[in-house]
Amino acid sequence: MARRKKIYEGKAKILYEGPEPGTLVQYFKDDATAYNAEKHAVIDGKGVLNNRLSEFFMTGLNAIGVPTHFIRRLNMREQLVRQVEIIPLEVVVRNFAAGSLSKRLGLEEGTQLPRPIVEFYYKDDRLGDPLVAEEHIIAFGWASQQDLDDMVALALRVNDFLSGVMLAVGIRLVDFKIEIGRLWEGDFQRLVVADEISPDSCRLWDIETGRHLDKDVFRRDLGDLADAYSEVARRLGVLPTNVTHSGKPRLIN
Ligand code: C5P
């Protein structure tokens, strides 16, 4: 069988040419990186968990009419997605202060924000993904004013959905990052949620105990990352309740 054409390899995922034009296969690796890849580890089972969790969130978003690139999961590590033109901005939504916001503004982690705050970071590893203002985005042509309005609306809908889903299983959605792509339909473009939604790109805190159930476990050396992700998956019903991370995660369909 001919080898598939690799389109792009990132820190945690690989994109391959899909079976039909306009599709890609997104493969989830076990690699974890932080601080612009200064810290790196391979975490057994992370790719499997993120593939399944991202499927869960994207399917839910599609079901409530929030468009995403997700088509279907193919196997343990791969999903079929629509090929989109990624807008070079990371869109971060914050409900509580944490991470870089806490550092920048001297806010104690966990402080509730007066309302969800949407921020844009320019995707450039060389520059360490700097925070940018709408002025920069429009002046440099990364997105138009209309795109920006649509991106904020999309990000807030994702926030409402994810916050509710997580709250229902006793988890606080502190913040998250999404990437947004342009899906071309003839001369018209639609903005859709792309990339992944997983504990790699969210801050998730247990409401009762404050336990971190996201990539901060790796960034800050707080314990076993796969255990934390398995806990999220178990609560969401993505993994059977008796799964612990003593072996490989088992999937239910
Ligand atoms: O580090 P910071 O506080 O700005 O991160 C905000 C949110 O965006 C966190 O949930 C983090 O996991 C996510 N993020 C990400 N990828 C990045 C930067 C931040 O997923 N490159």
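The values are calculated or read from the model by the stated rules, or taken from the named source; none is laboratory data. Computed from a prediction, not measured in an experiment: that's the story for all the values here. Neighbour counts are summed over all protein chains in view; Cβ atoms, including those assigned to glycine, are modelled from backbone coordinates with ideal geometry. Ligands, DNA and RNA are excluded from the accessible area calculation, which covers all protein heavy atoms including side chains. Shrake-Rupley method; radii C 1.70, N 1.55, O 1.52, S 1.80 Å.
Which helices, taking whole DSSP H runs in the chain, have alpha carbons extending 24 angstrom or more along the helix axis plus mean Kyte-Doolittle at least -1.0? Span-like helices here: 46-63, 145-167.
Would you mind calculating the gained length between Arg115 and Val165 on full extension (0.36 nm times residue separation, minus the Cα-Cα distance), in nm to one decimal? List each step's numbers first, then the result.
Values: separation 50, 0.36 × 50 = 18.00 nm, distance 1.85 nm.
That pair, Arg115 and Val165, stretches by 16.1 nm at full extension.
Could you give the accessible area per residue of the chain, probe 1.4 Å, as a whole number in Å²?
Values: 12510 Å² over 253 residues.
Heavy-atom SASA per residue in the chain reads 49 Å².
Which entries in the list Lys29/Lys103; Lys103/Lys123; Lys5/Lys215; Lys11/Lys215 go over 25 Å, if you measure between the two C-alpha atoms of each? With Cα atoms farther than 25 Å apart: Lys29/Lys103; Lys5/Lys215.
Nearest 500 deg cm²/dmol is fine: what mean residue ellipticity at 222 nm does the chain get from its DSSP H runs of n ≥ 4 alone, each adding -39,500 (n - 2.57), divided by its residue count? Could the numbers behind the result be given before it?
Numbers: 6 runs with 69 residues, N = 253.
About -8500 deg cm²/dmol.
When only Cα pairs below 8 angstrom with a gap of at least 6 residues are kept, the chain shows a relative contact order of 17 percent. Treating only the Cα positions of the chain as identical point scatterers, give the base-10 log of I(q)/I(0) from the Debye formula at each q in 0.10, 0.13 Å⁻¹. Debye intensities relative to I(0), on a log10 scale: -0.48, -0.84.
Applying 1/(1 + (r/R0)^6) with r as the Cβ-Cβ distance of Asn75 and Glu9 and R0 = 22 angstrom yields a FRET efficiency of 0.75.
Counting only protein chains, not ligands or nucleic acids, how are Glu90, Glu109 ordered by accessible area (probe 1.4 Å), most first?
The ordering from most to least exposed comes out as Glu109, Glu90.
Segment 85-206 gives an Rg/Rh value of 0.97, both radii derived from C-alpha positions and Rh following Kirkwood.
The share of accessible area on the chain that comes from carbon and sulfur is 52 percent, using a 1.4 angstrom probe. Here the chain is assigned +1 on the Cβ of each Lys and Arg and -1 on the Cβ of each Asp and Glu. Its dipole about the Cα centre then comes out at about 780 debye.
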